[in-house]
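Every number here is computed from the coordinates shown, using simple stated rules; none is lab data. Here the structure is a predicted model, which is why all the values come from computation and not from measurement. Don't worry about glycine lacking a Cβ; one is built from the backbone with ideal geometry, like all the others, and counts go over all protein chains shown.
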Amino acid sequence: MLYKTHQAFGLFSTSLVLINYTHTPILSAPGVLALGVSMLTSIMPDADNPNTIPAKAMFPFAMGLEMMRAKHRGVTHSLPIAALWFWLAFAGRHWQASMGPIHFALFPVLLGAAFGYLSHIVIDLLNREGEQLLWPLKWRFAFYLVSSDGFANSALEVVFLVGMFFVVMYGLALQYPVFGHAWQLAHHAFPIIPAA
């Protein structure tokens, strides 16, 4: 998948987690930070390929992977590394941060980073090349449904961005009465939309 599709899926996944699991308002310091960090970690696994935009954007990390001779879709695309992100998130669930007068819990931000990273691995399973999910075992897993680029990639990007838009609007409806009223009107007009 292209990096934009990874970022779109990372944002969609993280916005769902913020609203349904951590109950973090989207328009808050931890909410915005979680989405921003998710955009970064959702492309981080592709730093193992020196020809990609993520490798150029994360040059020191990519250089370290190159020195380790990490193969593309190997260690960085594995469940053990994703598990480390989740371990960090839950180990730091009581950590606090400050930005000037704003104090907030770091847990939603760390969980956003973990879900961003995991989202990359999950969506790459659709590709034909396969991933070493159980690294250091050499087995590769793939669903062989789409190529790394092309129409399906662009379509998925749009689907995830639209999905994220609806999740964010739902979150705003829960947070602000004005959005809540508009959401209720939409729910009555289209019952398929869940009530806020």
If we count trypsin sites (Lys or Arg not before Pro) as exposed when they sit in a DSSP loop and have at most 12 other beta carbons within 10 Å, what is the longest stretch of the chain that avoids them all?
-> 1-68
Of the labelled options (1) 29, 22, 17; (2) 35, 28, 16; (3) 31, 22, 13, which one gives semi-axes √(5λ) of the Cα gyration tensor in Å as computed for this structure?
-> (3)
What is the helix-to-structure angle for 151-175, meaning the angle in degrees between its Cα long axis and the longest Cα principal axis of the chain, kept from 0 to 90 and rounded to the nearest 10?
-> 40
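Count the net charge of all other residues whose Cβ sits under 13 Å from the Cβ of GLN132, scoring Lys and Arg as +1 and Asp and Glu as -1. Mind dumping the intermediate values first?
Values: positive: LYS71, ARG73, LYS138, ARG140; negative: ASP48, ASP124, GLU129, GLU131.
So the environment of GLN132 carries a net charge of 0.
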Kindly rank 180-187, 25-32 from highest to lowest mean number of other beta carbons found within 10 Å of each residue.
-> 25-32, 180-187
Angle in degrees between helix 3-20 and the longest Cα principal axis of the chain, rounded to the nearest 10 | 40
Estimated dipole of the chain in Debye, rounded to 20 [Cβ of Lys and Arg +1, of Asp and Glu -1, Cα centre] = 240
For the range 49-54, Karplus couplings with θ = phi - 60° (6.51, -1.76, 1.60), whole Hz, Gly/Pro x = 10, x, 8, 9, 4, x
Against the longest alpha carbon principal axis of the chain, how many degrees, from 0 to 90 and to the nearest 10, is the axis of helix 29-41 turned?
-> 30
Here the range 91-98 yields Karplus 3J(HN,Hα) values (6.51, -1.76, 1.60; θ = phi - 60°; whole Hz; Gly and Pro given as x) of 5, x, 5, 9, 5, 10, 9, 9
Between the range 147-196 and the range 19-51, how many Å separate their Cα centres?
-> 18
Along the charge dipole of the chain, which of PHE9, ALA91, PHE179 sits closest to the positive end, that is, farthest toward it, with unit charges on the beta carbon of Lys, Arg, Asp and Glu (+1, +1, -1, -1)?
-> ALA91
Phi angles of the range 108-116, converted by Karplus (6.51 cos²θ - 1.76 cosθ + 1.60, θ = phi - 60°) into ³J(HN,Hα) in whole Hz with x for Gly and Pro, give x, 5, 5, 5, x, 5, 5, 5, x
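Roughly speaking, what is the stretch gain from SER98 to TYR144, that is 0.36 nm per residue apart minus the C-alpha to C-alpha distance, in nm to one decimal?
That pair, SER98 and TYR144, stretches by 12.1 nm at full extension.
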